Amino acid sequence: MTHETTTLISLKEAMKRVDNKLRALDTQFKELDVTKDNLTLRFEHHSKTLASQAAQDEIWTAALALGFTSMELNIVYSYVIEVLICLHTRMLQKLPDLVRSLPTLASVLRRKAKNKHVRLVWESVLQEYGLQERDVSALCTFFIVHGNKGEHYAANVRRMYIKDVSFMITNMVKNQALQDGLLRAVQIIEKGKQAQDPENSRAPLKELMPPVKD
């Protein structure tokens, strides 16, 4: 074997080793890219979760700090409770086979998180009423905060006390998400979009949401 042949073989072996190392590095870089993408997705999800929690905390704070008089609070509460009843009633109308297993709106909210069919029906109901999840979240927060002392006023009684509830809400509720939810509740009821008379609702008012623990 000549010197040139030996050198050529050594060079080929060296190139093969380099090629193997490059392939190994390429595999490692791909794995690093996948790891980076996974970490990025986790970070984005965590950031969204924190932002959502912060927004919800702000709604709770705003609901607790409302400066309504007792009468004003009861009037706003009446709109909120009627819309929540409408949502629950409409869900039962669309899911007659689940009437017994969905006795309250709280049970609907729990079930939709686990059941795709219930979730799709829920989304269609929200669309019917022109509501979004954040609106329902704001209304439920208001109900939990004030439901233990709220009193339902009939429509004719509400009109006797306050002529423009939307104007009152806009001026007194500073948190945008809570304000939007309350305004939507007023609009839905005033436009007659409720599914049925809330006084004949299937579920008692106090059972729409779980009790608040001190």
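We did not get these values from a lab; they are worked out from the coordinates using the rules stated. The model shown is predicted, which means the values in this text are computed figures rather than measured ones. Ideal geometry is used to build each Cβ from the backbone, glycine not excepted, and the neighbour counts take in all protein chains shown.
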In order through the stretch 123-137: 3J(HN,Hα) via Karplus (6.51 cos²θ - 1.76 cosθ + 1.60), integer Hz, x for Gly, Pro: 4, 5, 5, 4, 5, 4, 8, x, 9, 10, 4, 5, 5, 5, 4
Label-point gap, in nm, between residue 70 and residue 134 - each point 7 angstrom along Cα→Cβ: 3.5
Dipole moment magnitude, nearest 20 debye, the stretch 66-207 about Cα centre, only Lys, Arg, Asp, Glu C-beta charged: 460
Additional length obtainable on full extension of the chain from residue 164 to residue 60, 0.36 nm per residue less Cα span: 35.0 nm
